[in-house]
């Protein structure tokens, strides 16, 4: 039974609490930390209601790091992920981080290096990789059932109105978040690169700020070429009227086409593979939110990875890939040129002088 401490009790923390409670035979939540007491009270009440157990509360997460906790889960604002993860690794805790891993390539590298140096597990919350339809597509690609893969698309056509940004002023800032590509689109970009070979070579992007009063982009388009020749196309918007329209992942190969949709890429909409029945039995009912239901299997994998002293299914090196693509897209917007990967020493902060409303 591994002990978990959760740093950050905001919007996404509900999924962490649900997942830990669902895996109560292998782990337990023993402590939470947040600067806002009311947030901690809500989180503690939720966990107690699900498990009957009480948990400790800390205003300063550093105090929590001094206790006998095995795993630290980080669900704070994006701009704090690296700081909190590095502190937990320094305290010799295994770390599970919400997306994005960090907002700079150098911070990603520091997190990976420290975890590897100390023999600690570093995992990323890309929970949609565990969706059965996503797993089915991944297996089909690994078995070369789609033949030569030509291209794939990730479309995130959502609405985030101004009230969403006003509710949490860190959102949409270069220092703490980035824009639509980094916040709303990262999960689907992760899936796209995972399906297209994982080795992105060049990135070209056009982004802009059209409707929302934020620093970063509310719309972005990316073209990615991978080492195997496949091309990925990303369309990400927070400006779709009047509400979320779709999040889809489409993969096109020589002998197969697979299109996954649903609220949280949980439904196979098209599955045409040469020589196979097109009947699908992996689609799931739409979840209650775009976060999906993948945190439960993600926690099961991460906790057992710690117990078995193996890498988690989505480790730090895997988690960096989508962040690096998005940072390359930002650099492409900044320079007006395609950007070659790997990308060195680039951060969302490098975008602060660019006025996207004038582009």
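Summary of computed values
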| read-out | value |
| --- | --- |
| Odd one out for residue 163, checked against (1) buried (at least 24 other Cβ atoms within 10 Å of the Cβ); (2) free of Cβ contacts under 8 Å to residues at least 24 places away in the same chain | (1) |
| Where residue 135 falls short, out of the listed (1) within 21 Å of residue 349 (Cβ to Cβ); (2) surrounded by fewer than 19 Cβ atoms within 10 Å (Cβ to Cβ) | (1) |
| Test: residue in the range 194-214 that is surrounded by 22 or more Cβ atoms within 10 Å (Cβ to Cβ), touching a strand residue (DSSP E or B) at 6+ places or on another chain (Cβ under 8 Å) and part of a helix (DSSP H, G or I) | yes |
| Elements of type strands (runs of 3 or more DSSP E) contained in the range 218-274, each with 3 or more residues being at pLDDT below 95 and within 22 Å of the chain's Cα centre (by Cα) | none |
| Tally of residues being under 18 Å from residue 21 (Cα atoms) and surrounded by fewer than 21 Cβ atoms within 10 Å (Cβ to Cβ) across the range 288-304 | 7 |
| Flag for residue 268 being buried (at least 16 other Cβ atoms within 10 Å of the Cβ), in contact (Cβ under 8 Å) with a residue 12 or more places away in the chain and closer than 27 Å to residue 205 by Cβ | no |
| Residue count for the range 1-39, restricted to those that are more than 22 Å from the chain's Cα centre (by Cα) and farther than 23 Å from residue 89 by Cα | 6 |
| Some residue of the range 119-127 being in contact with a strand residue (DSSP E or B) (Cβ under 8 Å, 6 or more places away or on another chain), over 30 Å from residue 165 (Cα atoms), touching a residue at least 40 places away in the same chain (Cβ under 8 Å) and in a loop (DSSP other than H, G, I, E, B) | yes |
| Selection count, the range 306-330, where residues are buried (at least 19 other Cβ atoms within 10 Å of the Cβ) and assigned to a helix (DSSP H, G or I) | 15 |
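Okay, residues lined up against (1) touching a helix residue (DSSP H, G or I) at 6+ places or on another chain (Cβ under 9 Å); (2) under 19 Å from residue 313 (Cα atoms); (3) not assigned by TED's automatic domain parsing to the domain that holds residue 307:
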residue: 25; (1), (2), (3): no, no, no
residue: 29; (1), (2), (3): yes, no, no
residue: 38; (1), (2), (3): no, no, no
residue: 51; (1), (2), (3): yes, no, no
residue: 63; (1), (2), (3): no, no, no
residue: 116; (1), (2), (3): yes, yes, no
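The values are calculated or read from the model by the stated rules, or taken from the named source; none is laboratory data. Not measured: the values here are computed from a predicted model. Note that each Cβ is placed from the backbone with ideal geometry, even for glycine, and that neighbours are counted across all protein chains shown.
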